[in-house]
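See structure below.
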Amino acid sequence: MSLNEPAVFGALHLPNRVVMAPLTRTRADADGVPTDVMVEYYRQRAGVGLIITEGTWPAAEGKSYPGQPGIVTPTQIEGWRRIADAVHEAGGSIVMQLMHGGRVGHPAISGEPRVVGPSALAAPGQTRTPEGKSDLPVAHALTAEEIPGVIEQFAQAARNAIAAGLDGVEVHGANGYLVHEFLSPVSNVRDDQYGGSPENRARFAIEVTAAVAAAVGADRTGIRLSPQHNIQGVLEEDDADARATYTAVAEGLAPLGLAFVDVLQAEPTGELVQHLRRTAGAPLIVNTGFGVETTRAEAQSLVADGWADAVAVGRPVIANPDLVARWEQDAELNPPRPELFYGSTAEGYTDYPALETVGADA
């Protein structure tokens, strides 16, 4: 296989195996509605095999950051429809990442009275609210009676994403947010059917994904996982426990027939990731994580050597809207501007030059 070969992930037909990783960029308006500049941003990047959107909240209680979009209200759905239409008109495919932030959030950001999590624990550190920096609050521990309602929020958000014209959805089960919080014995200290053993801690991730798959079709559903990423206080430092937990997740996902599993991990060729892949039995998208920028050679090798079915990349796609064409031609890349990754304007967002622009200026 090569990066330029097409792939079929369930109902998703990818013209190449370069995937745009989900990337928080905080350009939505105060009501969580996608903006004109977001439409242009996604349209510019339609040349990748598949776009996975930034994390989008399925409930106001799950909003983590100012400027983060939602998929709850009619105006949010309409805003995403404009994005989906623009991507499709440019020949691309786009799935929405459904991200409930769990305890990573603040009432001053969400406008809701609380943040929620598996247990009454706060994520470490501070967050930036409209009023300034603040400690992350202690979460309300979801009761067993409340959990089905949260699962339905994911399912309804998935229906809304499909109604907006997106091609599928990805459950965000990574990076220290709600679904991931249930997986770790550090952030989940419950003693009911959702806590304790690896199998119990895996239950919420499986139930959310199963509900989403039932709502919109497993062939349009994926999940992102980040085993042992150890971020935002969601620690998975015991190798045996992590393997047992993610084995339970993968075994629970396997019967669903998902379109893909998207794994962020520093060692995508390692035994844990490859075991997860074999057990889940779905096409694998790999992403090496925040710390290392994926190069063309690395992406090609991961696919050509059979370690992955596609490779998700972040910063190179931020800085190079035409990354696939640049990689095909082995052309020079624009350097990313990290100081502008998060903001509210087009600067550092839609103003990276395209290859033909660079050539014309040369």
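The values are calculated or read from the model by the stated rules, or taken from the named source; none is laboratory data. Everything numeric in this text was worked out from a predicted model, so none of it was measured. All Cβ positions, glycine included, derive from the backbone under ideal geometry; neighbour counts span all protein chains shown. Only protein heavy atoms, including side chains, enter the accessible area calculation; ligands, DNA and RNA are left aside. Shrake-Rupley method; radii C 1.70, N 1.55, O 1.52, S 1.80 Å.
Adding -39500 (n - 2.57) for every DSSP H run of four residues or longer, then dividing by how many residues the chain holds, sets the calculated 222 nm ellipticity at -10000 deg cm²/dmol. Magnitude of the charge dipole for segment 53-101, about its Cα centre and with charges confined to Cβ atoms of Lys, Arg (+1) and Asp, Glu (-1), is about 60 debye. Taking amide hydrogens as placed 1.01 Å from N in the peptide plane, the amide H of Phe9 sits under 5 Å from those of Leu14, each at least 5 positions away in sequence or on another chain. Computed over protein heavy atoms with a 1.4 Å probe, the accessible surface of segment 85-232 works out to 34 Å² per residue. Extension gain for Glu5-Asn230 works out to 77.6 nm (0.36 nm per residue, less the C-alpha to C-alpha distance). Solvent-accessible area of Lys133, all protein chains in place: 140 Å² (probe radius 1.4 Å, heavy atoms, ligands and nucleic acids excluded). Can you classify segment 143-195 as rounded, prolate or oblate using the Cα gyration tensor, where a ≥ b ≥ c are the square roots of its eigenvalues, rounded means a/c under 1.5, and otherwise it's prolate if a/b beats b/c and oblate if not? Oblate is the answer for segment 143-195, as a/c is 1.5 or above yet b/c matches or exceeds a/b. Rounded to the nearest whole Hz, the Karplus-based 3J(HN,Hα) values (6.51 cos²θ - 1.76 cosθ + 1.60, θ = phi - 60°) of segment 302-316 follow the sequence 4, 7, 5, 8, x, 7, 8, 8, 7, 10, 8, 10, x, 4, x, with x at glycine and proline. In the context of the full set of protein chains, residues of segment 245-295 present 35 Å² of accessible surface per residue (probe radius 1.4 Å, heavy atoms only). Per the 1.4 Å probe, what fraction of the accessible area of the chain, in percent, lies on carbon and sulfur atoms? Carbon plus sulfur share of accessible area: 52 percent. Of the GluC sites (Glu not before Pro) found in segment 195-245, those in coil by DSSP whose Cβ has at most 12 other Cβ atoms within 10 Å are Glu237. The phi torsions of segment 62-78, fed into the Karplus equation with coefficients 6.51, -1.76 and 1.60 and a -60° offset, translate into couplings of x, 6, 9, 9, x, x, 7, x, x, 9, 10, 8, x, 6, 5, 4, 5 Hz, rounded to whole numbers, with Gly and Pro shown as x. Among the listed values [x] 21.7; [y] 17.3; [z] 16.2, the one matching mean projected area of the Cα convex hull in nm² as calculated from this structure is [z]. Amide H to amide H, with H built 1.01 Å from N, Ile51 comes under 5 Å of Met20, Ser93, Ile94, Val95, counting only residues 5 or more places away or on other chains. Around the amide H of His140, modelled in the peptide plane, lie the amide H atoms of Val115, Val116, Gly117, all under 5 Å away and 5 or more residues distant in sequence or on another chain.
Rounded to whole numbers, the Karplus 3J(HN,Hα) couplings from phi for segment 328-342 are 4, 8, 6, 7, 5, 9, 5, x, x, 10, x, 5, 10, 4, 10 Hz, using 6.51 cos²θ - 1.76 cosθ + 1.60 with θ = phi - 60°, and x at Gly and Pro.
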